[in-house]
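First the structure, in the form of structure tokens, and then the observations on it.
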Amino acid sequence: MLGLVLGGLIAALVVGLTLAPGPTAELIGLVPLSMFAVGKFLPLWGVSGESHFGPWELGLVIWVLDTCTVLLVVYGLEALYRFDRLRRPLEKVQANAGLVLRAYPRIRRVAVVGVALFVLFPVAGTGAMAGAFLAILLGLKRHVAILAVSLGGLGGGMMMAFLAVFFEGAATEFQHLQDNPAVKWGSMAVVALLLVLAVRGLTRAYRRALEEARQAQANEDSEHTSEKRAAQ
């Protein structure tokens, strides 16, 4: 499975560099940017006027990245743990997935939907890798875990693409009313600021829930240690 995925990506890269070097070179830069920095906000770049791609196409890029990530985790987890530099980050992601289940116990009741919604959530730490670990801890079968994370990535990418298109359209219409280019970019900046503030609020709530779950787990571990000592 990993060979097929890797072979497909290499073939697509070769074809892209041959037939469309400009857009392909842009994707080569956008992929790591999405994975390590902007995450699901990548479609917003599609309305900048500087991209070869539109918001919907960049939303599909998010979907492809998340699907490839869950395939890598599900089928190559044991191999990944053999690399010392990867082991610690993977263990951290796995531990956070356990805290998520503790902080949001309802995810267990709606496992597949819960994983998809978790991956869709536009907050740092809720991406495809964390979703894959969450699916593993829930005991989902491989194909079900892949489906749940892939659907979450698709939903998140399309959601951000819709917001990008909607905000750009609203700003353009407002510019027509005011007939001032500064109004368009100013309104888009205000909307972007509001979006950032909303995401920051969600991020704080998410981190607060994880911290409470971490503290509860630490208290339980301390109680178990005390009980063992008392039994001895």
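The values are calculated or read from the model by the stated rules, or taken from the named source; none is laboratory data. Owing to the predicted nature of the structure, the values given are computational and were not obtained by experimental measurement. Don't worry about glycine lacking a Cβ; one is built from the backbone with ideal geometry, like all the others, and counts go over all protein chains shown.
Evaluating ASP179 against the criteria (1) of a type in the set (Asp, Glu); (2) within 26 Å of VAL64 (Cα to Cα); (3) modelled with pLDDT under 65 leaves one unmet condition, (2). Residue count for segment 68-77, restricted to those that are under 18 Å from THR126 (Cβ atoms) and surrounded by fewer than 20 Cβ atoms within 10 Å (Cβ to Cβ): 2. If I filter segment 145-161 for residues that are closer than 17 Å to GLY98 by Cβ, outside any helix (DSSP H, G or I), touching a helix residue (DSSP H, G or I) at 6+ places or on another chain (Cβ under 8 Å) and modelled with pLDDT of 85 or more, do I get at least one hit? No: zero hits. Within segment 103-139, being farther than 30 Å from LEU33 by Cβ, assigned to a loop (DSSP other than H, G, I, E, B) and aliphatic (A, V, I, L, M) holds for VAL110, LEU138.
When PHE53, PHE36, PHE41 are screened for being in contact with an Asp or Glu (Cβ under 8 Å, 6 or more places away or on another chain) and either part of a helix (DSSP H, G or I) or modelled with pLDDT of 90 or more (or both), only PHE53 passes. Residue pairs whose Cβ atoms lie under 9 Å apart, sitting 6 or more positions apart in sequence or on different chains, and linking a residue in segment 89-110 that is within 15 Å of LEU77 (Cβ to Cβ) and touching a residue at least 12 places away in the same chain (Cβ under 8 Å) to a partner that is among the polar types (S, T, N, Q) and part of a helix (DSSP H, G or I), do not occur here. Looking at ALA97, ALA103, ALA25, just one residue is surrounded by 12 or more Cβ atoms within 10 Å (Cβ to Cβ), farther than 23 Å from GLY125 by Cα and either under 21 Å from the mean Cα position of the chain (by Cα) or not hydroxyl-bearing (Ser, Thr, Tyr) (or both), and that residue is ALA25. Filtered by the rule that a residue be in contact (Cβ under 8 Å) with a residue 40 or more places away in the chain and among the aliphatic types (A, V, I, L, M), segment 36-60 gives LEU42, LEU44, VAL47, LEU58, LEU60. If the condition is being surrounded by fewer than 14 Cβ atoms within 10 Å (Cβ to Cβ), under 26 Å from TYR75 (Cβ atoms) and at pLDDT 90 or above, then segment 8-22 contributes ILE10, ALA11, ALA12, LEU13, VAL14, VAL15. Determine, yes or no, whether LEU86 is free of Cβ contacts under 8 Å to residues at least 40 places away in the same chain and part of a helix (DSSP H, G or I). Judged against the criteria, LEU86 is a match.
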